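Colleague: For reference, the structure I am asking about is given below.
The values are calculated or read from the model by the stated rules, or taken from the named source; none is laboratory data. A quick note: this is a predicted structure, and the numbers were derived from the prediction, not measured. Neighbour counts are summed over all protein chains in view; Cβ atoms, including those assigned to glycine, are modelled from backbone coordinates with ideal geometry.
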């Protein structure tokens, strides 16, 4: 995963916020296998009517990416 993308998700986790995927396109989010990360328990994925697909790191994901 792109280091900038990791930092965005880490900061969002620290603020307890969800990040819309549409704002992460410029960080090559399309190259990341989100379902695999969800299966590993590193991220949560939800659908929002207003913002579409949204991501949030789990506590396990926070510790994994915040090395």
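Colleague: Quick one: count up the residues across the range 29-40 that are surrounded by 12 or more Cβ atoms within 10 Å (Cβ to Cβ) and more than 12 Å from the chain's Cα centre (by Cα).
Modeller: Counting residues in the range 29-40 that are surrounded by 12 or more Cβ atoms within 10 Å (Cβ to Cβ) and more than 12 Å from the chain's Cα centre (by Cα) gives 1.
Colleague: Could I ask something else about it? Answer with yes or no whether residue 26 is surrounded by fewer than 14 Cβ atoms within 10 Å (Cβ to Cβ), within 19 Å of residue 3 (Cβ to Cβ) and modelled with pLDDT of 90 or more.
Modeller: Yes; evaluated as a whole, the condition is true for this residue.
Colleague: Hey, another quick one. Would you confirm whether or not the range 41-58 contains a residue that is on the phi < 0 side of the Ramachandran plot, part of a helix (DSSP H, G or I) and over 12 Å from the mean Cα position of the chain (by Cα)?
Modeller: Looking through the range 41-58, none of the residues is on the phi < 0 side of the Ramachandran plot, part of a helix (DSSP H, G or I) and over 12 Å from the mean Cα position of the chain (by Cα).
Colleague: Being exposed (fewer than 11 other Cβ atoms within 10 Å of the Cβ) and part of a helix (DSSP H, G or I): is that true of residue 12 here?
Modeller: No: the conditions fail for residue 12.
Colleague: Out of the range 51-67, which residues are without any contact (Cβ under 8 Å) to a residue 40 or more places away in the chain and under 14 Å from residue 19 (Cβ atoms)?
Modeller: Within the range 51-67, 51, 52, 53, 54, 58 qualify.
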